[in-house]
Amino acid sequence: MSSIMVARKTIDIRRTTEAIQGLRTGDLIRFRGAHQTCIVRIKAAIPYQDVQTALEHEPLAKLYPQMAHPAEALELISKHINADEAVYALHFDVADNPLSQPDWATTSASASAISAAFKSPVK
């Protein structure tokens, strides 16, 4: 997630779904990590017949900045997507400054938990 937030990772490979096929330039999507949320703006959604073809055409440094070899990326991707499955390469930019944008779901849940804690009787 941090690679996305600092704009080192600007491409992601996703399996082809109706939702992915419907993405258009300028659409906003949310990437959720364990502790962070990042909103990105789609620059392009490029279809590929399979993962290998996508890796041959997309720059590894923009897909997985921490990896040195395409084989490492293929191994990681194949944990989530079958190698022969159709995929899209999503090119994106971080939308505005996500670090300054509150994640309202998290903020609301935190506020509810704090409020509940104050209402609980002290033991």
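The values are calculated or read from the model by the stated rules, or taken from the named source; none is laboratory data. Computed from a predicted model, the values in this text were never measured in an experiment. Note that each Cβ is placed from the backbone with ideal geometry, even for glycine, and that neighbours are counted across all protein chains shown.
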Checklist entry - Do we have Ala95 as among the small types (Gly, Ala, Ser), surrounded by 14 or more Cβ atoms within 10 Å (Cβ to Cβ) and touching a Lys or Arg at 6+ places or on another chain (Cβ under 7 Å) here? => result yes
Item to check | Residue pairs meeting the criteria (Cβ under 6 Å; at least 6 apart or on separate chains; first under 15 Å from Asp84 (Cβ atoms), in segment 44-70; second in a strand (DSSP E or B)) | outcome: Pro47/Tyr88; Tyr48/Val87; Val51/Val87; Ala54/Ile13; Ala54/Tyr48; Ala54/Val87; Ala54/Ala89
Next on the checklist: Checking the conditions here, which among Ala45, Ala73 is modelled with pLDDT under 90, surrounded by 15 or more Cβ atoms within 10 Å (Cβ to Cβ) and in contact with a Phe, Trp or Tyr (Cβ under 6 Å, 6 or more places away or on another chain)?
Outcome noted: Ala73
Checklist outcome for this item: Taking segment 2-28 and keeping only residues that are modelled with pLDDT of 90 or more and of a type in the set (A, V, I, L, M), one is left with Ile13, Ala19, Ile20, Leu23, Leu28
Item to check | Residue ID - surrounded by the fewest Cβ atoms within 10 Å (Cβ to Cβ), chosen from residues in segment 6-29 that are without any contact (Cβ under 8 Å) to a residue 60 or more places away in the chain and not in a loop (DSSP other than H, G, I, E, B) | outcome: Glu18
Next on the checklist: Considering only segment 68-80, I want to know if a residue exists there that is closer than 20 Å to Arg8 by Cα and basic (Lys, Arg).
Outcome noted: no
